[in-house]
């Protein structure tokens, strides 16, 4: 049942960084939102901010204990602190909008139980794919058991870097520096470029699309920081581009798998022309084939708009029903799946860690070597912690 039109949402906001300020500016320009930010909790009192100083506090309890605040919006970077805030708000019966995908991926089981126990709601469409409303679409539109796969570029920072490399012939370091200068990448870019951001978003998408919540530590993720000019030249000679892609796919026998790694993307793919800070998600169904969603995945205003969408949904008492989890028999997560990969290496010792089932192409040269072959995800997962220490670049061929 919809809430009364006269009842305004009075928001307690945690965080006033790029997204928090973006939300603040979006709210000022949307007259129909029927929501107002009452208090903003920050950690740095000396930082200059474009807002009324009377809005700010250093004390979280000023928001959590305020009976007048009926919605908490959490937009901070610290996943542990975000968890404390969200948990505390839900246990006090306050509904929450969150954008912290790492916190959600690690704690959703508990947070779902807290929603049921205390009657509050947790919305987080803004946590995945920026301005693309993918979570709510998976929850509402794709609420049957026909979905077969979700494939997408989920991280705007890494996609911007790869766009500059392939479109403007920049080196990796130069492209990363530009992304950082424009605010698309953090000063410490590991979260984005090593695939963790995409991994955590994939965990959330798998829950709403497939119905199963997977521990992110159980999933293969590999990033783009080892990308070299050799890999770029290889892709260009083959007529493709390299993108950082998340893939979630149903398997036979009531199983599914997913992984995050660079992928050789060919011109006939929907995501081939997804460039810069944009995200693109392809949803494939048993009978409706493929559907494509596209939009900005980074930036204060696009993500702030996604937060506003959650706020508006909460205004009308919307909550996730976790339909795939509650009304179907969710498939089991499995790494028992063989994929074809491109592996560039320099040292034969590095190559020895990869247990290929078959090798279809091999090159050895004075500056680098590569193989293309089929390997089990389980065998990649086995060396997951070792991979960052190897001088290799790994990419799925999509076959």
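Where a number appears in this text, it was derived from the coordinates with a stated rule and is not lab data. Quick caveat: nothing in here was measured; it's all calculated off a predicted structure. In this analysis, Cβ positions are derived from the backbone assuming ideal geometry, glycine residues included, and neighbour counts consider all displayed protein chains.
Approximating the spin labels as points 7 Å out from Cα along Cα→Cβ, the residue 286-to-residue 62 distance works out to 5.4 nm. Estimated from helical segments only, the mean residue ellipticity of the chain at 222 nm is -10000 deg cm²/dmol, where each DSSP H run of four or more residues counts as -39500 (n - 2.57). Indicate the gyration tensor shape class of segment 39-118 (rounded, prolate or oblate), computed on the Cα atoms with a ≥ b ≥ c the square roots of the eigenvalues: a/c under 1.5 is rounded; otherwise a/b larger than b/c is prolate and the rest oblate. Because a/c hits 1.5 or more and a/b fails to exceed b/c, segment 39-118 counts as oblate.
Arrange the following residues from fewest to most other Cβ atoms within 10 Å of their Cβ: 240, 129, 41.
Numbers: 240 20, 129 33, 41 24.
Placing the least packed residue first, the sequence is 240, 41, 129.
Distance between the pseudo-spin-label points of residue 360 and residue 54 (7 Å out from Cα toward the beta carbon): 6.7 nm. Available extension along the chain between residue 348 and residue 266 is 26.6 nm, counting 0.36 nm per residue and deducting the alpha carbon span.
For a distance above 19 Å, tell me the whole-number percent of Cα pairs in segment 99-216 that qualify.
Working: 3654 of 6903 pairs.
So the portion of pairs separated by more than 19 Å is 53 percent.
Against the chain, whose longest principal axis is taken from its Cα atoms, helix 18-28 shows a tilt of about 40°. Extension gain for residue 336 to residue 237 (0.36 nm times residue separation, less C-alpha to C-alpha distance): 32.5 nm.
Computed from Cα atoms, the angle from the helix 196-209 axis to the main principal axis of the chain rounds to 70 degrees.
Would segment 234-331 count as rounded, prolate or oblate if I go by the C-alpha gyration tensor, calling it rounded below 1.5 in a/c and otherwise prolate when a/b exceeds b/c, oblate otherwise? Because a/c hits 1.5 or more and a/b fails to exceed b/c, segment 234-331 counts as oblate. What do you get for the angle between helix 156-168 and the principal long axis of the chain? Use alpha-carbon atoms, 0 to 90 degrees, nearest ten. Once rounded, one gets 40 degrees. The relative contact order of segment 335-399, computed from alpha carbon pairs under 8 Å that lie at least 6 residues apart in sequence, is 50 percent. Working ranking of peptides 44-57, 373-386, 138-151 by packing, defined as the average number of other Cβ atoms within 10 Å per residue, highest first, is 138-151, 373-386, 44-57.
Between residue 29 and residue 182, the FRET efficiency estimated from the beta carbon spacing at R0 = 25 angstrom works out to 0.65.
Considering only 212, 91, 360, the mean-square fluctuation computed in a Gaussian network model of the chain, springs between alpha carbons under 10 angstrom, is largest for 360.
Under 1.5 on a/c is rounded, so check that first for segment 241-399, then, if it is not, pick prolate when a/b is larger than b/c and oblate when it is not; a ≥ b ≥ c are the square roots of the alpha carbon gyration tensor eigenvalues. List each step's numbers first, then the result.
On the way: a/c = 2.27, a/b = 1.67, b/c = 1.36.
Because a/c hits 1.5 or more and a/b exceeds b/c, segment 241-399 counts as prolate.
Given a 10 angstrom Cα cut-off, can you work out which residue in 225, 187, 163 is the most mobile in a GNM of the chain? Of 225, 187, 163, the most mobile in the Gaussian network model is 187. Converting the Cα gyration tensor eigenvalues of segment 335-399 into ellipsoid dimensions via √(5λ) gives semi-axes, longest first, of 18, 15, 9 Å.
Spacing of the modelled spin labels on residue 381 and residue 141, each 7 Å from Cα toward Cβ, amounts to 3.1 nm. Across the chain, C-alpha contacts under 8 Å between residues 6 or more apart give a mean separation that, scaled by the residue count, equals a relative contact order of 19 percent.
Taking a virtual spin label 7 Å from the Cα of residue 87 along the C-beta vector, which residues in segment 101-141 bring their backbone nitrogen under 15 Å of it? Within reach of a label on residue 87: 103-115. Distance from the Cα centroid of segment 109-185 to that of segment 213-280 is 14 Å (rounded to whole angstrom).
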